[in-house]
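The structure appears below as structure tokens.
The values are calculated or read from the model by the stated rules, or taken from the named source; none is laboratory data. Values in this document were obtained by computation on a predicted structure and should not be read as measured data. Glycine also receives a Cβ, built like all others from the backbone with ideal geometry; neighbour counts cover every protein chain displayed.
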Amino acid sequence: MLLALDTSTGYASIALSHEDNILAEYTWRVENRHSVELLPRAEEMLRARSDGAMVEDLTTRAWARRAGLPDPMPALLDVR
């Protein structure tokens, strides 16, 4: 299962997909509160799934971010 995150603008987007199927997607206006709102929304998205998907089920992650910024995602999303 893939979790995709976009933090490159004043909007945030998260999406969950599996085998080329988009299972869920949220996009919302976030201003500069990505670090506060992004992961709680991802957890909410997983909880809303009827198949009981959990963070532990994630096998892949992808993200978009503004050029020139440090890369914080590997530490935040330690998917093994």
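Suppose we keep only residues that are in a loop (DSSP other than H, G, I, E, B) and at pLDDT 70 or above within the range 52-64. Which one would you say is surrounded by the most Cβ atoms within 10 Å (Cβ to Cβ)?
LEU58
Please enumerate the residues belonging to the range 1-10 that are in contact with a strand residue (DSSP E or B) (Cβ under 6 Å, 6 or more places away or on another chain) and either of a type in the set (Val, Ile, Thr) or farther than 12 Å from LEU58 by Cα (or both).
Within the range 1-10, LEU5, ASP6, SER8 qualify.
Keeping to the range 1-19, report how many residues are surrounded by fewer than 16 Cβ atoms within 10 Å (Cβ to Cβ) and modelled with pLDDT of 85 or more. First the steps, then the outcome.
Applying the first criterion (surrounded by fewer than 16 Cβ atoms within 10 Å (Cβ to Cβ)) to the range 1-19 yields 8-11, 18-19.
Keeping just the survivors that are modelled with pLDDT of 85 or more gives 10-11, 19.
Here the count works out to 3.
Please list, ordered by first then second residue, the pairs with beta carbon atoms under 7 Å, 6 or more apart or interchain, first in the range 29-46 and surrounded by 15 or more Cβ atoms within 10 Å (Cβ to Cβ), second outside any loop (DSSP other than H, G, I, E, B) and of a type in the set (Asp, Glu).
Qualifying pairs under 7 Å: VAL30/GLU37.
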